[in-house]
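The numbers here are math on the coordinates, done by the rules we state, and not lab data. Please read these numbers as outputs of a predicted model, since none were measured by experiment. Here Cβ is always computed from backbone atoms with ideal geometry, including for glycine, and neighbour counts include all displayed protein chains.
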Amino acid sequence: MPRISTAVGWRDRLGHWAMRWGIGRQRYRVAPGLYGVGAPDADAPVLVTANYKMTFDLLRRELAGVSAWLLVLDTKGINVWCAAGKGSFGTQEVITRVQATTLAQVVRHRTLVVPQLGAPGVAAHEVARGCGFRVVYGPVRAKDLPTFLAAGLRATATMRRVTFSPLERLVLTPVELTGMLRSSLWVAATLLLLGGIGPQIFSLAAAWHRGGAAVLVHLLGVLTGAVLTPVLLPWLPGRAFAAKGALAGAGIAALLLPLLLSRGGALTSVAAVLAITAVSSWCAMHFTGATPFTSPSGVEKEMRRAIPLQLAAALTAVLLWLVSAF
């Protein structure tokens, strides 16, 4: 069985940074199988994890001084929590990987430590029936594993608690911004083109000034929805992310309203307020996949209600902005 180090080098850290920005995301994985950390023997614990390399690295980093086996599932390069929801970190994959690695011949015990966030995808009784190993759900955080193992696979209440602090939310925002980059470039190009339309039919100067101002409004909406809204998430009222984003966008627009009125007039100001609110609402809705308290059905319901309103606000904003040029 391959032995792995618990040291995370600069190449690993560089890879982690790239993943935060969504660079090469689909290729960042390790081969599924059984790995050894330290000097594991037949009595060493078996820790189940995903083959997303960042997950794999963060787990092994916390196991310095611990001897254990890592059973890496084929989750298609997806982290434990997301893979559990999508089915690739699931009961059948656990059974298949136990059998494929002949784990029963490697260890004397019949216990698998599965991450708590992987519990939605793994049915313990079916695993026991399928491969003879019982499942014990480990702590939420990898850093608690040494204590958990030393305590005889017993978790404290703190180990079971899922947190979602401002920093934990903020670290997820770069990949959200990267995902919106292509669409934002198309929006910027369109706004620059439309900005040149006016009484003189088309003006490059107007395209630069009016179109450029519109691009800044769009970017402000993106940053409000994709960065500010996640940071302020618990303090924004309501449960719908679209509503939280709209409130954040409206708040930022209200703060800028005096400046907008002095620079662009009433129609342009109303257009900017509507645009910031709509874009912020749309971008905030994307963050539902990065939170521990949403469900697919709830997200679909929210989208059906919010998207028509966002589209109406955005189209009204564009129309008012175009009219204000004449």
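For Trp21 and Leu309, compute 0.36 nm times the residue count separating them, minus their Cα-Cα distance, and round to one decimal in nm.
Details: separation 288, 0.36 × 288 = 103.68 nm, distance 2.96 nm.
100.7 nm is the gain from fully extending Trp21 to Leu309.
If you average the sequence gap of Cα pairs under 8 Å that are 6 or more apart and divide by the length of the range 3-162, what percent do you get for the contact order?
Rounded, it is 21 percent for the range 3-162.
Relative contact order of the chain, please, whole-number percent, based on alpha carbon pairs below 8 angstrom and at least 6 residues apart.
12
Report the label-to-label distance for Arg13 and Leu232 in nanometres (one decimal), using points 7 Å from each Cα along the Cα→Cβ vector.
With each label placed 7 Å out from Cα toward Cβ, I get 3.4 nm.
Of Gln200, Gln99, Gln310, which has the largest mean-square fluctuation in a 10 Å C-alpha GNM of the chain?
Between Gln200, Gln99, Gln310, it is Gln200 that shows the largest mean-square fluctuation.
Using a Gaussian network model of the chain with C-alpha springs under 10 Å, which one of Ala226, Ala205, Ala213 is most mobile by mean-square fluctuation?
Maximum among the listed residues: Ala205.
Report the gain in length on full extension from Arg3 to Leu216: 0.36 nm times residue separation, minus Cα-Cα distance, nm rounded to one decimal.
Length gained between Arg3 and Leu216: 71.5 nm.
Taking each full run of DSSP H in the chain as one helix, which ones are at least 30 Å long along their axis (Cα atoms) and have mean Kyte-Doolittle hydropathy of at least -0.5?
Sorted by number, the helices that extend far enough and score high enough are 241-285, 296-323.
In straight Cα distance, which lysines are under 26 Å from Lys301, not counting same-chain residues fewer than 8 positions off?
Counting by Cα, and skipping residues close in sequence, Lys301 has these lysines nearby: Lys86, Lys244.
Between Ala205 and Arg61, what is the FRET efficiency for a Förster distance of 51 Å, r being their Cβ-Cβ separation, to the nearest 0.05?
0.40
Among Ser297, Ser324, rank each residue by its count of other Cβ atoms within 10 Å, from fewest to most, as a rough exposure measure.
Ser297, Ser324
Is the shape of the range 1-142 best called rounded, prolate or oblate, per the rule: a/c under 1.5 gives rounded, else a/b larger than b/c gives prolate, else oblate, with a ≥ b ≥ c the square roots of the Cα gyration tensor eigenvalues?
oblate
Using only DSSP helix segments of four residues or longer, with each worth -39500 (n - 2.57), what per-residue ellipticity at 222 nm results for the chain after dividing by its residue count and rounding to 500? Before the final figure, lay out each step's value.
On the way: 14 runs with 179 residues, N = 326.
Helix-only estimate at 222 nm: -17500 deg cm²/dmol.
Mind checking which lysines have their C-alpha under 18 Å from Lys143, skipping anything on the same chain fewer than 8 residues away?
Lys53
Find how many whole Å separate the alpha carbon centroid of the range 227-243 from the alpha carbon centroid of the range 8-70.
33
Of the candidates Leu14, Leu153, Leu47, which one comes out as most mobile in a Gaussian network treatment of the chain with C-alpha springs shorter than 10 Å?
So, out of Leu14, Leu153, Leu47, the one fluctuating most is Leu14.
Assuming R0 = 45 Å, can you tell me the calculated FRET efficiency for the pair Ala151 and Lys301, based on Cβ-Cβ distance, to the nearest 0.05?
0.60
Between Glu168 and Val323, what is the FRET efficiency for a Förster distance of 51 Å, r being their Cβ-Cβ separation, to the nearest 0.05?
0.70
Of all beta bridges DSSP finds with both residues in the chain, what is the antiparallel percent, to the nearest 5?
Numbers: 8 of 19 bridges.
About 40 percent, rounded to the nearest 5.
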